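The values are calculated or read from the model by the stated rules, or taken from the named source; none is laboratory data. Keep in mind the model is a prediction, meaning the values are calculated, not measured. Cβ sites come from the backbone with ideal geometry, for glycine too, and all protein chains shown count toward neighbours. Keep in mind that these areas ignore ligands, DNA and RNA; they rest on the heavy atoms of the full protein, side chains included. Shrake-Rupley method; radii C 1.70, N 1.55, O 1.52, S 1.80 Å.
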Amino acid sequence: MASMVYASAKHFSLPPPVPVQSCFAARKPATVIRSAASHMAEGSSSKLKEFPHLSGSHRALMADLIGAIEDRLEDRLLPCVLPPDVEYYRNQSGTSEGALLVRSGSPDSSINFILASWLHSQLPTGASLNIASLSAYLRPSTDAPNFLIEFIQSSPTSLILILDLPPRKDPVLNPDYLQLFYEDTRLDSYRKTIEELPETRPYVMSSLYFRSLVSPTSIISRVDTESGGPERMEEIIKNHIGPVARDVLRVWLNECACKEREVGMVERVDLEQRDELVKKKTIDIDLGSSLPRLFGQEIADRVVAAIQQVFEA
């Protein structure tokens, strides 16, 4: 879904083709970066965790979120085995580059895989497009929601935030599901916290398909700080978006990733079919159209094939 980093690139002018339990309580930005770096030797992509084109607060937040997932789920995650030219890739002209980290779950865990990525592209307008994303997918052995956070930034003062626990069952047909994962966890309070900031307003994704996949508590907002400049954006990420993102991830870790759920065989088949459709649409609609325009067909095919292999495993 729009979770894949490249999904929302279509909203901008792209260049033509070229030939936690309290897992955060004791963390501080410097500690976060060191903690994230310590995972590099365990199969994680070092280039991914550099986030070289993000601001300081933004870089620290992404490193913190990835570190929290890896710390909490480390015994359930396998090392990243992506080829080097998929972990980091760039187009021939050097105007676009990206990095990818995928860690599959161990066979006996409910984790399907976690996927983190960043993308940087110099646009024809002279502006730069930066997208950073972290998502986590669960297996049909549980019906709990997945996790998604994505930032799409077209300038130092303009940001689109997508943060959600996308449901894997219909909340209308399953009111207990809605109650357990969205009402009891008070996820809607986090949406209100972000939307009450004077610099934010709701953002409407162009794809009706993706709009149908998010939860009723999803945070999909545009943040504009032109009057306050990049300094105000840094403050919002550090003091407002960061705490909300950490809390939502903590909810997912505690209530979704680390709790066993009774799922019958018939329901597992339905979940598996739904999960496969979502992942197939991600490739067909988003990656297949956005990546070739940014990187050319050869690089796009290589990256998509690697992601598809993970999806189909």
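Counting pairs of alpha carbon atoms under 8 Å apart in space and at least six apart in sequence, what relative contact order in percent does segment 147-202 give?
20
In segment 74-159, carbon and sulfur make up what percent of the accessible area (probe 1.4 Å)?
Within segment 74-159, the accessible surface is 54 percent carbon and sulfur.
First select every other residue whose beta carbon is under 11 angstrom from the beta carbon of SER57; then total the charges, Lys and Arg +1, Asp and Glu -1.
With Lys, Arg at +1 and Asp, Glu at -1, the net is -2.
Averaged per residue, what accessible area in Å² does segment 211-313 show with a 1.4 Å probe, protein chains only?
Per residue, segment 211-313 has an accessible area of 50 Å².
Sum up the charges of everything whose Cβ sits under 13 Å from the Cβ of PRO230, counting Lys and Arg as +1 and Asp and Glu as -1, but leave PRO230 out.
-4
Taking all protein chains in place and a 1.4 Å probe, what share, in percent, of the accessible surface of segment 210-257 do carbon and sulfur account for?
Values: 810 of 1840 Å².
The nonpolar share, carbon plus sulfur, comes to 44 percent.
For segment 89-163, what's the relative contact order in percent, using C-alpha pairs closer than 8 Å and at least 6 residues apart?
Answer for segment 89-163 is 22 percent.
Take the cross-link list LYS169/LYS280; LYS49/LYS281; LYS47/LYS192; LYS49/LYS280 and give me the ones stretching past 25 Å between alpha-carbons.
Violating the 25 Å limit, Cα to Cα: LYS49/LYS281; LYS47/LYS192; LYS49/LYS280.
Taking the alpha-carbon distance from LYS279 and a cut-off under 13 Å, which aspartates and glutamates remain once sequence neighbours fewer than 8 residues away in the same chain are dropped?
GLU312
Over segment 101-182, with the other protein chains present, what is the accessible area per residue in square angstrom, probe 1.4 angstrom? Mind showing how you got there, number by number?
Details: 2220 Å² over 82 residues.
Ligands and nucleic acids excluded, the result is 27 Å² per residue.
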